């Protein structure tokens, strides 16, 4: 018990005094994302007529261990969201989340250390690069909208494969041929599902 308290005190001191991000920190964050995290492209359906669906890249994870979350929060300057206990959740949980360009930047930094979600991260990065290239108040044509939707479907497919193995879903047939060749090459486990 005394040893556990001392370890926590040392960790708290380290967290409050260390602001240099080391490779070990990035590897630790990559492990959290691989194990507890979620890389997704969120789709927000338009509620008004003539408005198109919006897509946002997100990287997040949730844990009941507040020490690990505080360490990540201090290192990367990210706010912690707290979820209280409920009927479906026995412990309170803590969550951190990055969106859009911040999500892409985090993925770029942890990419060399990711294992399970590396393909998802690569698709997320490419999506955000495409998203950034079309910003600026321009009217989006159908080809651009289709391509954004393709990224969304592609990432969903990769997430499904991580959970269920290498089987493909009927939903992949909805993916058009707009997705870049290099994305298909990057995510080799998805090659069978897209016919160029």
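Values in this text are rule-based calculations from the coordinates and carry no lab data. Just so it is clear, the model here is predicted, and its values are computed rather than measured. A quick note on method: Cβ atoms are made from the backbone with ideal geometry, for glycine too, and the neighbour counts reach across all protein chains shown.
For 80, 69, what's the fewest-to-most ordering of other Cβ within 10 Å of each Cβ?
80, 69
Among 44, 151, rank each residue by its count of other Cβ atoms within 10 Å, from fewest to most, as a rough exposure measure.
Details: 44 9, 151 24.
With the sparsest Cβ surroundings first, the list reads 44, 151.
Efficiency by 1/(1 + (r/R0)^6): what FRET value for residue 42 and residue 74, r their Cβ-Cβ distance, R0 = 30 Å, to the nearest 0.05?
Plugging the Cβ-Cβ distance into 1/(1 + (r/R0)^6) gives 0.70.
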